[in-house]
1. Convert each backbone phi in the range 348-361 into a coupling constant with the Karplus relation 6.51 cos²θ - 1.76 cosθ + 1.60 (shift: θ = phi - 60°), then list the ³J(HN,Hα) values in order as whole Hz, x for Gly and Pro.
2. Short version: ³J(HN,Hα) in whole Hz for each residue of the range 157-166, in order, from phi by Karplus 6.51 cos²θ - 1.76 cosθ + 1.60 (θ = phi - 60°), x for Gly and Pro, what are they?
3. Roll a 1.4 angstrom probe over the protein heavy atoms and tell me the percent of accessible area of the range 260-405 that is carbon or sulfur.
Amino acid sequence: KSKKTKKTRMMHRREQDKLPPILEIETYHQSTEEDGFDDNMSLTSNGGGGGGDKQQDKSSPPRRGSVIPILIAASAVVFLGTVVGAVSRVLYSASNNMSSVSEKSSGSTSNALRQLKTVESKKTTVHDPIHLVYSSDAGTVIGTKASIRSVKAHASGHVIFHFIGDEPLEGMPYVRFYPIQKLKHKYNLGDFINTHSRHKTERENVNLNRNLPNYVRFVMSEFLPHVKKAMWIDSDTIVKCDVVEMARSVLKDDNDYPIAAIPVEGKPKGLYTKDMYRNPIPDWGIETSFNAGVYFVDLDRWRAQGLTEKVRELALKNREFRYWKMGSQPPLALTIGENFEPLPLSWNVKMKTIDEREDMTLKDACVLHWSGPSKPWDGFQHPEEWLPYIDESDKEYLDTARKEE
């Protein structure tokens with residue numbers, strides 16, 4: 001029996017030796033994947049009478065179970081190297097692109113700044129509009145309308161017109177209207193009135209000393225609180241030059257004059273020169289005065305120097321001491337004194353003397369002024385200079401007025 005068993009074992013071993021070695025390797029590799037063994041372990045092949053014992057063989061080549069993990073690791077390293085190289089190239093390219101973009105952006109920014117500076121250097125100064133102020137009673141409204149039209153005909157820029165009177169100017173919706181009675185109560189215009197009598201005028205026997213429109217000029221800074229510069233102009237005028245250009249050329253920051261007007265040699269008109277009422281007459285110290293019918297005023301300086309209250313104080317004082325006999329001209333001239341900027345003489349040309357002057361002609365005049373009782377709507381003193389600036393309603397008014405006369 002033992003012989004038979006031994007024979008059987010030998011036959012089984014011979015048959016087992018006939019199996020190719022690869023099968024045992026494959027079986028092991030599968031087991032290591034399933035059992036979690038270390039891939040560094042290796043097995044001897046079962047061929048050539050080597051028996052079934054497991055041992056390490058340092059001289060034998062690596063078996064399939066240990067080669068595959070190495071190949072996988074090598075492939076991973078190669079793949080990782082490829083990826084790293086690709087990423088490096090992308091980053092390098094992106095860096096170059098960013099540098100280029102940065103340079104372009106920097107160049108664009110510099111160009112934009114240069115263009116902006118060029119635009120700023122070429123940009124024109126934005127000017128405030130010019131404000132013109134008129135005030136008249138019903139008898140001189142026709143003169144106000146003609147004067148406004150003449151200003152518009154020659155102005156090179158934006159002009160804002162302000163009119164203070166009894167009612168708005170017909171056919172002129174662009175003119176800002178202020179009821180004079182409201183101004184009278186709000187700003188105490190009555191304080192400026194000269195209560196003393198003066199000769200009656202030919203025009204409706206109106207006492208100009210008590211004519212409220214004459215005193216509106218003293219409170220311009222009050223009812224135009226946000227306006228810096230304005231022009232006061234009487235209703236009996238025609239303007240033949242550009243008020244915008246003139247307004248921007250006077251009362252600049254290099255002086256502190258509150259107004260700009262044409263100079264008149266001598267003391268202000270209308271003052272008493274003798275002590276007619278046993279009151280002392282001051283020495284006003286004025287050798288050169290001005291005409292207050294046309295002038296530009298810096299309302300900021302007017303406010304800063306408190307000129308409204310100074311004129312008011314002097315006007316009230318005149319009621320007691322009688323310094324002057326006329327209306328609005330003397331208190332303004334005495335308060336300002338010689339502290340004014342001179343305008344060209346052509347900016348206030350009196351029509352009653354134009355024909356007698358050698359230094360001025362109608363062609364040279366910028367502002368024609370019919371001061372005094374003789375007015376152009378009554379046909380006096382070159383009415384042909386005034387007639388082009390009236391409309392059909394004005395003509396009807398004149399025709400009616402002449403028929404009533």
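The values are calculated or read from the model by the stated rules, or taken from the named source; none is laboratory data. Bear in mind the structure is a predicted one, so any value in this text is a computation, not a measurement. To get the accessible areas, we keep the full protein, side chains included, count just its heavy atoms, and leave off ligands, DNA and RNA. Shrake-Rupley method; radii C 1.70, N 1.55, O 1.52, S 1.80 Å.
1. Computed from phi, the couplings for the range 348-361 are 6, 9, 6, 6, 6, 10, 4, 6, 9, 8, 9, 9, 8, 10 Hz.
2. Computed from phi, the couplings for the range 157-166 are x, 6, 10, 10, 9, 10, 10, 10, x, 7 Hz.
3. Roughly 49 percent of what the probe reaches on the range 260-405 is carbon or sulfur.
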